[in-house]
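In what follows, a single structure is set out as structure tokens and then discussed.
The values are calculated or read from the model by the stated rules, or taken from the named source; none is laboratory data. This is a predicted model, so every value here is computed, not measured. Neighbour counts are summed over all protein chains in view; Cβ atoms, including those assigned to glycine, are modelled from backbone coordinates with ideal geometry. In case anyone asks, the SASA skips ligands and DNA or RNA and just uses the protein heavy atoms, side chains included. Shrake-Rupley method; radii C 1.70, N 1.55, O 1.52, S 1.80 Å.
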Amino acid sequence: MNIYGLTFSALEKHITMRGQKSSKAPSAARFIYADPACGTGHMPEAGQRTKKILMEDFNMSLLDTVKIIKSDDSAKFLFSLHDSNIIEAVLMYQKHGNTLCISSQVGCSMGCSFCQSGRQKKIRNLETWEMTAQVMAVQNELSLKISNVVLMGMGEPLDNYVNVMDFISILNNPYMLAIGKNHISVSTCVTT
């Protein structure tokens, strides 16, 4: 299992099942979501035993970046998934912070005429970790902090409800990605 799919409560439950105190969960989460500028090796408060458990029990890989297309005000990332499907995320540099538009599905079944991904049939939902990994990959690649996330990329977020809600929990948790609820937007459509 990829570690970026664990909500805080799932992380806490896992480390206690492995004999660690639940009080280690905040430092373990900080270790996982360390600021890309300081790297994961500089998080001594997580404790060596807890770090070892996480490294042994979980995959900590991110998505493969296929291509980055940069302009003055944005950067478009194409990511390859384990099944060779391609998704995209777009970083927009704005006055109020760095906003990342992420994908929640491969393709989309809604068929909105104005939407490019609507022309591609839905192949599958993204797992929670695949959404989180988009944020982590962009932060790591550009050594910056994402301050806003919008789910407006490929896919219909509410058609992937459970994974999207877990992703938002990870985004909003103060020990994880620590993005405030007012800085997270979910774009959805209604079909008739």
Conditions (1) within 30 Å of residue 22 (Cβ to Cβ); (2) open to solvent by 30 Å² or more (accessible area, probe 1.4 Å); (3) part of a helix (DSSP H, G or I); (4) of a type outside the set (Ser, Thr, Tyr): number failed by residue 158: (1)
Residue, most open to solvent (accessible area, probe 1.4 Å), within segment 177-192, restricted to residues that are at pLDDT below 95 and hydroxyl-bearing (Ser, Thr, Tyr): 192
Single condition residue 123 does not satisfy, out of (1) touching a residue at least 40 places away in the same chain (Cβ under 8 Å); (2) open to solvent by 10 Å² or more (accessible area, probe 1.4 Å); (3) touching a strand residue (DSSP E or B) at 6+ places or on another chain (Cβ under 8 Å): (1)
Which numbered condition residue 141 misses (of (1) open to solvent by 30 Å² or more (accessible area, probe 1.4 Å); (2) more than 23 Å from residue 69 (Cβ to Cβ)): (2)
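Might you let me know whether segment 77-92 holds any residue that is surrounded by fewer than 14 Cβ atoms within 10 Å (Cβ to Cβ) and modelled with pLDDT under 95? Full working, then the answer.
So the first thing to find is which residues in segment 77-92 are surrounded by fewer than 14 Cβ atoms within 10 Å (Cβ to Cβ), and the list is 82-84.
Narrowing the set further to residues that are modelled with pLDDT under 95 leaves none.
Within segment 77-92, none of the residues are surrounded by fewer than 14 Cβ atoms within 10 Å (Cβ to Cβ) and modelled with pLDDT under 95.
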Hits in segment 1-28 (condition: hydrophobic (A, V, I, L, M, F, W, C), surrounded by fewer than 20 Cβ atoms within 10 Å (Cβ to Cβ) and modelled with pLDDT under 95): 1
Condition broken by residue 153, with the remaining ones in (1) open to solvent by 10 Å² or more (accessible area, probe 1.4 Å); (2) assigned to a loop (DSSP other than H, G, I, E, B); (3) over 18 Å from residue 74 (Cβ atoms) satisfied: (3)
Hey, residue 31 at pLDDT 95 or above, open to solvent by less than 30 Å² (accessible area, probe 1.4 Å) and not charged (D, E, K, R) or not: no
